[in-house]
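Take a look at the structure set out below.
The values are calculated or read from the model by the stated rules, or taken from the named source; none is laboratory data. All values derive from a computational prediction rather than experimental measurement. Every residue, glycine as well, gets a Cβ built from its backbone with ideal geometry; the counts of neighbours run over all protein chains shown.
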Amino acid sequence: MQDLRITPVRIDADRAAGTVRLEWADGHHSQFDTQRLRWLCPCAYCRGEAGMPGWLDSNPSLTADQTRLVDVAMVGTYAIQPTWGDGHATGFYTFLHLRDLCPCDECTRAREQHATDGSHSHGGVR
């Protein structure tokens, strides 16, 4: 059975506005600005691997090109792959990862509540 919570029915990359908006099959919407999305890059270069820190762990100042969205490609039925203005394109952002980190007020509150008391309510917490 397909998990409607992590199944997008629409993905809109608005390059001019610098946003990526996902509409999920359960009716929820997530909108990420490109600055936040770049900071969430899950690739080995940005996040690190084999116990070594990634580039983003050094808390760099991101340039305009590093947060300028050039393209977004689908990766199978489970992720998107942004291409950034600096040429970086190795991050596969899974739909589970994006939903779990949804920046909307409702999901943010749910994550905070979960961190406080361990409850499992709606939002980006699994």
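Look at segment 7-47 and say how many of its residues are among the aliphatic types (A, V, I, L, M) and closer than 20 Å to residue 105 by Cβ.
Residues flagged as among the aliphatic types (A, V, I, L, M) and closer than 20 Å to residue 105 by Cβ within segment 7-47 amount to 5.
Report yes if residue 56 is under 15 Å from the mean Cα position of the chain (by Cα) and touching a residue at least 24 places away in the same chain (Cβ under 8 Å), otherwise no.
Here the answer is no, as residue 56 does not meet what is asked.
Could you list, in sequence order, all residues of segment 12-45 that are in a strand (DSSP E or B) and of a type outside the set (Val, Ile, Thr)?
12, 13, 14, 21, 22, 23, 24, 29, 30, 31, 32, 33
Counting just the residues of segment 1-11 that are assigned to a loop (DSSP other than H, G, I, E, B) and modelled with pLDDT under 95, which one comes out surrounded by the most Cβ atoms within 10 Å (Cβ to Cβ)?
3
Residues of segment 86-98 being closer than 30 Å to residue 25 by Cβ and not in a strand (DSSP E or B), which ones?
Once the filter is applied, which keeps residues that are closer than 30 Å to residue 25 by Cβ and not in a strand (DSSP E or B), segment 86-98 yields 88, 89, 90, 91, 92, 95, 96, 97, 98.
Condition first: in contact with a helix residue (DSSP H, G or I) (Cβ under 7 Å, 6 or more places away or on another chain), within 28 Å of residue 2 (Cβ to Cβ) and not in a strand (DSSP E or B). Now tell me which residues in segment 48-85 satisfy that.
Scanning segment 48-85 gives a single hit, 78.
Name the residue, out of 93, 45, that is touching a strand residue (DSSP E or B) at 6+ places or on another chain (Cβ under 9 Å) and aromatic (Phe, Trp, Tyr).
93
Go through segment 14-35 and report how many residues are surrounded by fewer than 18 Cβ atoms within 10 Å (Cβ to Cβ) and closer than 12 Å to residue 69 by Cα.
Residues in segment 14-35 being surrounded by fewer than 18 Cβ atoms within 10 Å (Cβ to Cβ) and closer than 12 Å to residue 69 by Cα: 8 in total.
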